[in-house]
Amino acid sequence: MAYLANGAVNRVNVHYAIQAFASAGAGTFLLVYFVKAGLSTAEALLVLALIVLGRFVSRPLVLPVAKRFGLKATLIVGTLLLAAQYPVSGWIDGVSVALVLRCVFSAVGDAFYWTSYHAYFASLGDAEYRGHQIGAREAIVALIGIVAPVVGTWGLVTFGPLVTFAVAGVVQALAVVPLLAVPAVAVKAEAPGAFEQALGGARIFAVHGWLTGAFILVWWFALFVALDKSYASFGGAMTLAAIAGAVGGMLLGKGIDAGHGARAVLFVFAGMAAAILLRGTSLDTPAVAIAANVFGVFAMCFYVPTLMTAVYNLAKASPCPLRFHMATESGWDAGCFSVCLIAAGFAYAGVSLGVAVLLALPAVAAMGFMLRRHYAAA
C-alpha cells in the first residue's frame, strides 16, 4: 500500500501528527492570543512579521549543526525549541520579556524545525509515491484538526492560557519520541552548486510564503476579530474546517502519482482562487466567514500535496536536500514577511484585513503558472 509502504516515512508522520496536535490545539490560538494579550491587530501582525524575519536571520545556524550532527538531531532540536515557545506565551502581557522570549523561541525553532523537517521528508520519501505520502500526512493532520481545536478551546476556557499552553509544550516535546527510531541522515560537508540549483524552489516558496501569509496567517487574525475574539467561536470554526478537509489531500495525492499533476493544478488553483475571494469578502458576516474558513481549509488539502510533491522531488534530486530547503524556507520568509508587513500597515490605517487576504490572489495565479509548467515538463 503506497500510503504506508515506507516505514521511516510512517514514523516521521507519527511525529508530525503529535506536533500537529500541539499546533492545532494551541499553536493557532498562540497567534491570535497576541490580540487577547493586549496588542492591537496591527501590533500583532507586526510581531508576526518580526518572528518571520527572525526565522530568516537565524537559518544559517542550521547548516553547521546539521553537518556536525545530521538531520535527525537537527529536527529534534527544532522540535524542542518550538516546545519552549508554548509555556512562555501564557505570560505575555503586552510588550514584555515573555513576548520577546516567545518570538525568539518561535523564530529559531521554526528555522531549525521546518528546514530540517522538509529536508528529512524529502530524503526519506519515495518520488514515485510522493503524492500518496504527502496526502496521507495531510489527511492525518486534518483528522487531528477536528479534535485538537476542541481540546484547545476547552483548555483555554476552563484552565486559561498558562495551563493550556504549558500542556501544549509538553505534547510538542513528546513529538521527539517517534524520531528516536528513524534512521540518521547525514549532511554533506560540501555540496558545490547546491544553493544555485535551489533558486527555482526558492522562487516557488517565496510565492508560497506570500500566499500562506495572506490566506492563512492574516486570515486567522481577521477571523478571530470577526468572531468577537471568542476562543469558543474560533475553535469551533477550526473544527468545522478540519472536518471538511479530512479526505481531500489523500485523494489528490493519488492523482498526482498517477501522472495527472498538470491537470490537478488547474483544478486546485481554481479552487484556491475561489477560496481567497470568499475569505476576503466575508468578514462582515460571521456565518459567511466561518463557511469561507471551511472552504479554504478544504482547498488547502489539495494545494499542499500539489505544491510539496513538486518541491520534495526537486529537493531529493538536488546535491543536498538540506541546502535546498534552506533556500526554499528563506524564500518563504521573504514572501510571508512582506505580506504580513503590508497587512500590519492596512490594520494601522483602518483598512479591512479582508483586503490583505485578497493579496493572495496574484500569488495563487503565479503559483499555478509555475507548478503547471513543472508538472508538464516532468
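Length gained on full extension, Thr158 to Ala376, computed as 0.36 nm times the residue gap minus the Cα-Cα distance: 73.3 nm. Ordering of 88-94, 283-289, 21-27 by packing is 21-27, 88-94, 283-289, highest average first (other Cβ atoms within 10 Å, averaged per residue).
Pairs of alpha-carbon atoms within less than 8 angstrom and 6+ residues apart define the contacts here; what relative contact order does segment 7-377 have, in percent? Result for segment 7-377 is 29 percent.
Mean Kyte-Doolittle of at least 0.0 and a Cα length of 24 Å or more along the axis: which whole DSSP H helices of the chain meet both?
Details: long enough: 41-58 (26 Å, 1.91); 71-89 (28 Å, 1.28); 97-124 (39 Å, 1.02); 130-158 (41 Å, 0.99); 261-280 (28 Å, 1.62); 286-316 (43 Å, 1.35); 321-349 (42 Å, 0.70); 360-377 (26 Å, 0.76).
Length and hydropathy pass: 41-58, 71-89, 97-124, 130-158, 261-280, 286-316, 321-349, 360-377.
A rounded overall shape is assigned to the chain, the ratio a/c of its alpha-carbon gyration tensor axes (a ≥ b ≥ c) being less than 1.5. Between segment 267-282 and segment 48-127, how many Å separate their Cα centres? Cα centres, segment 267-282 to segment 48-127: 30 Å. Spatially, segment 205-244 and segment 321-378 are offset by 16 Å when compared through their Cα centroids.
Taking the square roots of five times each eigenvalue of the Cα gyration tensor of segment 28-107, the equivalent ellipsoid has semi-axes of 27, 13, 9 Å, listed largest first.
Considering the options Pro362, Ala66, Leu174, tell which one lies farthest towards the positive end of the dipole of the chain, charges being +1 on Lys and Arg and -1 on Asp and Glu at the Cβ, about the Cα centre. Comparing the listed Cα positions along the dipole, Ala66 ranks first.
What FRET efficiency comes out for the pair Asp228/Val65, r = Cβ-Cβ distance, R0 = 41 Å, nearest 0.05?
Values: r = 44 Å, r/R0 = 1.07.
The pair Asp228/Val65 has a calculated efficiency of 0.40.
The ranking of Glu329, Glu190 from fewest to most other beta carbons within 10 Å of each one's beta carbon is Glu190, Glu329. Note on Val100 and Ala270: with the Förster distance fixed at 41 Å, the Cβ-Cβ geometry gives a FRET efficiency of about 0.45.
The numbers here are math on the coordinates, done by the rules we state, and not lab data. All figures in this text were calculated on a predicted structure; none of them were measured in a lab. Cβ: placed from backbone, ideal geometry, glycine included. Neighbour counts: every protein chain shown.
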